[in-house]
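Here's the structure, in structure tokens; my notes come after.
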Amino acid sequence: VKGNLLGDKKEYINSIKQFDNAIKIDSSFVLAYEHRGLAYERLGNYLTAIESYDKAIRLDSTIASIYFNRGVSKYYLEKDDDAINNFNKCIELQKNYTDAYINRGLTKLNLADKDGACADWRIVKELGSKNANFYLRKYCK
């Protein structure tokens, strides 16, 4: 928890230290790996973030948010196919994970799959979220 609070204050380096300490105490603490990955991601250290997400997934492969976060890091590294695979797994685990659809749509747009992107954003709208309206108006006329 302390690591989370530090991350909210954008003290990501201190958060990483806190998560490292938690992992030393309990190396099976899945969320410590995930949240450490988020801190690395916010520092722009995407490869190290992915390493933390990979460790979390090895411990528990059923948590949708870990795949989502790994997909975001892959997106920032311009590994679009890997990003889509992670967003797909996230959605497989949690069908109403609207941010995964939004980000998968953005990734599809990078791959010149405008129709696929628009389809993802329409799903977000069907799920009752307004978060994709901007993208629908901008790209899906």
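Numerical summary
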| quantity | calculated |
| --- | --- |
| 1.4 Å probe accessible area per residue over segment 10-141, in Å² | 55 |
| For the chain, size of Cβ-based charge dipole, Lys and Arg +1, Asp and Glu -1, in debye | 480 |
| Cysteines, the chain, no other Cys beta-carbon under 4.7 Å | 90 |
| Crossing angle, helix 98-110 versus the chain [Cα axis fit, 0-90 degrees, rounded to tens] | 70 |
| C-alpha long axis of helix 46-59 to longest principal axis of the chain, angle in ° | 80 |
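The values are calculated or read from the model by the stated rules, or taken from the named source; none is laboratory data. None of these values were measured; they are calculated from a predicted model. All Cβ positions, glycine included, derive from the backbone under ideal geometry; neighbour counts span all protein chains shown. The area values use the complete protein model at the heavy-atom level, side chains included, leaving out ligands, DNA and RNA. Shrake-Rupley method; radii C 1.70, N 1.55, O 1.52, S 1.80 Å.
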